[in-house]
Every structure is written in structure tokens, then in C-alpha cells.
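Asker: Just dropping this structure here.
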Amino acid sequence: MDGTTLIWIAALMALAAALYSSVGHGGASAYLAIMALFSVAPETMRPTALTLNLVVATFAAARFALKGQTNWKLLLAFAVTAVPAAFLGGSIELPPHLYRPLVGVVLLLAAVRLFWQPELLAARPVHTPSLAVTLPVGAALGLLAGLSGTGGGIFLSPLIILFGWEDARKTSGIASAFIVLNSAAGLLGNLASVQRLPLELPIFLASVFAGALLGSWLGVSRLPRHRLLQALAVVLVIAGLKLLFT
């Protein structure tokens, strides 16, 4: 990887981490999109995205937890099936011709999520979902997280808000902790993939940590965050289409 490419990837990852951490997410879908745009090998993409996701989401999860904005009971209701499913998904080695379209679809779905932001919906009464709902939802998102190299939080949070399972602020706390658990389980499911982490990983880690710091403490909310997230969605669409059709 030449110096110019490395600078671009690191800068884009830092920006993605700032935006995603401000809403309690880890940014794996953005990291996957950035790596896809720069033609990083598929076998490197998944462990790299999970590792970066783990760092940023841990930062966000700690921030929400310290402020008492995490509904631990609801988190557990999803995580009890999500974590083993993420471990299973991480243990499955997908060949590039299957991994690329899977991630392409995930990126397109993530882009839809960024264009449609349910946090802007009017507040609705909060009610706790039954285990008959949370257990299969957790398992499905966990498996997807392990297979693709994401944390699943970007899909969990709109479901929670849409169905009124928690308010927007506590949803971010749940999503960030959910991402941490799934990312760790996905990596543990395939420890061999850690050997494929790029030599540039320390630079990427420093970039996303700096971005998370900006997003969490320096007030990214003061910027037009929703418009920036939608601009990021365009990048996800481009990268998703590239993976699907090349």
C-alpha cells in the first residue's frame, strides 16, 4: 500500500469513526466500504473491520454506560443469542466470490439505514419486547455480524426505535455495547484471520481512535450530522455496487 493510499484510507476511517461514534455505532460498514473502494483483499477486510469496530464501539459503549444510558436488560435479551451466532459466523470462511456480494448487500442496507434515520421520528411510548422477538432477532444480527465483519448495531438500532422498544438515547447505548460483543465474538470465532491483519493496522487504529474522540467529546452533533451521515451513505452505495458487480 503506497503512502498516498494509506493517508486517504486513514483520513476517511477517522471521519467515519467520528460520525458513527457520535450515534453509538462502531463504523464497520464504513470501514468495509473504504477498503472495498481501495481494493483491499476480502480476507483482510473482515478481521480489520471487526478490530476497528471493537475499538470505536468500546469507546462509545463506555461513554453511554457511564452516563447511565444503556438498558442492560434489553441488551442481554438480544446478546444471549447474538454472541454465539457471531462466533459461529466468524468461524465460517467464505470464499471471495461469496463474501464480496454478501458485504455488498450489507453496505447497501447500511446505506438505506443512513438515509432513513428513525431517530427523527416523533417519540412513541416505550415497551419491552418479548424474548420470542429478541432471541431470533439477536441470532440473525449476530450471524450477519460474524459473517460480514460488522457489529450488527446499525441494523438493531432502527428496529428498537421503529418498534418503540427504547428511546433514541438509550438505543445508542444498547447498539454500541451490542457491537462490542458481536465484534469480539466474530474475531474469536476465527482467530486465524487475525494473521491477515494489515501491517498498516496501527495507523488505522490511531485514526479511528482519534475520530471516536472527536465524535464523542468535541461535539460532532454541532455539525450537520444527519447530512454528513447521508453523504457517507452515498459512499456505501458506491462501494456496495462495486463489490456486487466487479
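Each value in this text was obtained by applying a stated rule to the coordinates, not by laboratory testing. From a predicted model like this one, the values you see are computed outputs, not experimental measurements. Here the Cβ is made from the backbone with ideal geometry for all residues, glycine too, and neighbour counts use every protein chain on show.
Asker: Please state the relative contact order of the range 3-245 as a whole percent: Cα pairs under 8 Å, 6+ residues apart?
Answerer: On the way: 444 pairs, mean separation 95.6, N = 243.
It rounds to 39 percent for the range 3-245.
Asker: Helix 28-37 against the longest principal axis of the chain: what's the angle in degrees, Cα atoms only, rounded to the nearest 10?
Answerer: So the inclination is approximately 20 degrees.
Asker: Which of these, Pro95, Pro198, Pro158, has the largest mean-square fluctuation under a Gaussian network model of the chain (Cα springs below 10 Å)?
Answerer: Pro95
Asker: Here is a further query. Over the Cα atoms of the range 3-245, compute the convex hull volume and normalise it per residue, giving Å³.
Answerer: Values: hull volume 26.4 nm³, N = 243.
Considering the Cα atoms of the range 3-245, their hull volume per residue is 109 Å³.
Asker: Only four residue types carry charge here, +1 at the Cβ of Lys and Arg and -1 at the Cβ of Asp and Glu. Report the dipole size of the chain about the Cα centre in Debye, rounded to the nearest 20. Could you put the intermediate results ahead of the total?
Answerer: Numbers: 14 positive and 7 negative charges, 106 e Å.
Computed charge dipole of the chain: roughly 520 debye.
Asker: Along the charge dipole of the range 3-245, Cβ charges K/R +1 and D/E -1, which of Phe178, Leu102, Leu188 sits furthest on the positive end?
Answerer: Phe178
Asker: Would you mind classifying the range 1-130 by shape? Square roots of the alpha carbon gyration tensor eigenvalues, ordered a ≥ b ≥ c; an a/c under 1.5 is rounded, otherwise it is prolate if a/b is larger than b/c and oblate if not. Walk me through the intermediate numbers first.
Answerer: On the way: a/c = 1.84, a/b = 1.47, b/c = 1.25.
Prolate, because a/c is 1.5 or more and a/b exceeds b/c.
Asker: Could I ask something else about it? Pairing the Cα long axis of helix 225-245 with the longest principal axis of the chain, what angle in degrees results, from 0 to 90 and rounded to the nearest 10?
Answerer: Tilt of helix 225-245: around 50 degrees.
Asker: Please identify which residues in the range 9-23 have an amide N closer than 20 Å to a label point set 7 Å out from the Cα of Ala41, following the Cα→Cβ vector.
Answerer: Those under the cut-off are 9-10.
Asker: In addition: Treating the angle as unsigned and between 0 and 90°, give the value, to the nearest 10°, between the Cα long axis of helix 168-189 and the longest Cα principal axis of the chain.
Answerer: With both axes taken from Cα atoms, the answer is about 40 degrees.
Asker: Of Val80, Trp165, Pro198, which is farthest on the positive side of the dipole of the chain, counting Cα position, with +1 on Lys and Arg Cβ, -1 on Asp and Glu Cβ, and the Cα centre as origin?
Answerer: Farthest towards the positive pole: Trp165.
Asker: Still on this model: Once phi is turned into ³J(HN,Hα) by the Karplus curve 6.51 cos²θ - 1.76 cosθ + 1.60 with θ = phi - 60°, what whole-Hz value does each residue of the range 8-17 show in order, with x for glycine and proline?
Answerer: Each residue's phi maps through the Karplus curve to give 4, 4, 4, 5, 5, 5, 4, 4, 4, 4 Hz.
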